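Enquirer: So that we are looking at the same thing, I have put the structure below in structure tokens.
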Amino acid sequence: MAAAAAGSASSVKETLPPALGSTSQPPPVFDGTTRLYICYFCPFAQRAWVTRNFKGLQDKIKLVAIDLQDKPAWYKEKVYPQGTVPSLEHNNEILGESLELIKYIDGNFDGPALLPEQDAEKRQFADALIGYANAFTKALYSPLMAHAEVSDEAVAALDKLEVALSKFNDGPFFLGQFSLVDIAYVTILERVQIYYSHLRNYDIAKGRPNLEKFIQEMNKIDAYTDTKNDPLFLLDLAKNHLKVR
């Protein structure tokens, strides 16, 4: 499985295409080009974006950014009927759902493997943690959306990650070495760290040294940091979209 260094060896930072809105023309869908449809500030789309970057697929998977605040009608009509991001146009098919998509990109394209191929224990642990990612997201976002204080469920979810990060000692990541599990969680952690700090005066990494180390190490990986937004921009989005306070 790939070491984190592979994701730090990226070349010059990618020039990102402008986001397409309601007046934008669609790309020539199903012309043989592989396209990853994302929104630059969506944590779920960011998962697929990081996976693409880490595997060095910038030349093989073209980014198409969608403006979710001014979504073009053709995206739902011609590309992905669910109308959400991310979606992947590949081999004349459209695939979606971020946790499934990161597995698909890992398994169907060249580049460093992001799931253990030989270690059955790590693979089982990886599958379980990826399967928990949606529940983790709900536990952390629910108090914010409900205008409530930090919930017992949120604390328990963070504690679960802290324990999970201690299972393997051959690196600072969930499986020791960098994997899809880290990608599944880091884009959510990036946001809740900002939201809880500013809106609830709660530091998600305080008293959780494994989580603190994980965040530090993730921020050394270009494949991830190249996809990050300004924290205050994300905070403003949260205040408007999640109606948090």
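Enquirer: It is to be established whether one or more residues within the range 72-82 are over 25 Å from Asn219 (Cβ atoms), of a type in the set (Asp, Glu) and open to solvent by 30 Å² or more (accessible area, probe 1.4 Å).
Expert: Within the range 72-82 (the criterion being over 25 Å from Asn219 (Cβ atoms), of a type in the set (Asp, Glu) and open to solvent by 30 Å² or more (accessible area, probe 1.4 Å)), the answer is yes, since at least one residue qualifies.
Enquirer: Looking at Asn210, is it within 14 Å of Leu144 (Cα to Cα), open to solvent by 30 Å² or more (accessible area, probe 1.4 Å) and at pLDDT 95 or above?
Expert: Against the criterion (within 14 Å of Leu144 (Cα to Cα), open to solvent by 30 Å² or more (accessible area, probe 1.4 Å) and at pLDDT 95 or above), Asn210 does not qualify.
Enquirer: Out of everything in the range 85-99 that is free of Cβ contacts under 8 Å to residues at least 24 places away in the same chain and under 21 Å from the mean Cα position of the chain (by Cα), what residue ends up being most open to solvent (accessible area, probe 1.4 Å)?
Expert: Among residues in the range 85-99 that are free of Cβ contacts under 8 Å to residues at least 24 places away in the same chain and under 21 Å from the mean Cα position of the chain (by Cα), the one most open to solvent (accessible area, probe 1.4 Å) is Glu97.
Enquirer: Right, Ala139: part of a helix (DSSP H, G or I), of a type in the set (Gly, Ala, Ser), surrounded by 14 or more Cβ atoms within 10 Å (Cβ to Cβ) and touching a Leu at 6+ places or on another chain (Cβ under 9 Å) or not?
Expert: It is true that Ala139 is part of a helix (DSSP H, G or I), of a type in the set (Gly, Ala, Ser), surrounded by 14 or more Cβ atoms within 10 Å (Cβ to Cβ) and touching a Leu at 6+ places or on another chain (Cβ under 9 Å).
Enquirer: What number of residues within the range 181-206 satisfy the criterion of being among the charged types (D, E, K, R) and either crowded, with 21+ Cβ neighbours inside 10 Å or in a helix (DSSP H, G or I) (or both)?
Expert: So the answer is 4.
Enquirer: Sticking with this one: What are the residues in the range 173-213 that are farther than 17 Å from Pro231 by Cβ and aromatic (Phe, Trp, Tyr), if any?
Expert: Phe173, Phe174, Phe178, Tyr185, listed by residue number.
Enquirer: Working carefully through the options Leu175, Leu115, find the one that is open to solvent by less than 20 Å² (accessible area, probe 1.4 Å) and farther than 16 Å from Leu211 by Cβ.
Expert: Unique residue meeting the criteria: Leu115.
Enquirer: What number of residues within the range 167-204 are out of contact with any strand residue (DSSP E or B) (no Cβ under 9 Å at 6 or more places or on another chain) and under 27 Å from Arg52 (Cα atoms)?
Expert: Matching residues across the range 167-204 total 21.
Here is a yes/no grid of residues against (1) in the same structural domain as Leu99 (by the TED database); (2) at pLDDT 95 or above; (3) exposed (fewer than 15 other Cβ atoms within 10 Å of the Cβ):
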{"site": "Ala19", "(1), (2), (3)": "no, yes, no"}
{"site": "Gln25", "(1), (2), (3)": "no, yes, yes"}
{"site": "Pro28", "(1), (2), (3)": "no, yes, yes"}
{"site": "Arg47", "(1), (2), (3)": "yes, yes, no"}
{"site": "Asn53", "(1), (2), (3)": "yes, yes, no"}
{"site": "Leu57", "(1), (2), (3)": "yes, yes, no"}
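Enquirer: Which of the residues belonging to the range 30-39 are hydroxyl-bearing (Ser, Thr, Tyr) and crowded, with 20+ Cβ neighbours inside 10 Å?
Expert: Matches in the range 30-39: Tyr37 only.
The values are calculated or read from the model by the stated rules, or taken from the named source; none is laboratory data. Predicted model, so just to flag it, every value in this text is computed and none were measured. No Cβ is skipped: glycine too gets one built from the backbone with ideal geometry, and neighbour counts run over all protein chains shown. Remember, those area values only see protein heavy atoms, side chains included, never the ligands or the DNA or RNA. Shrake-Rupley method; radii C 1.70, N 1.55, O 1.52, S 1.80 Å.
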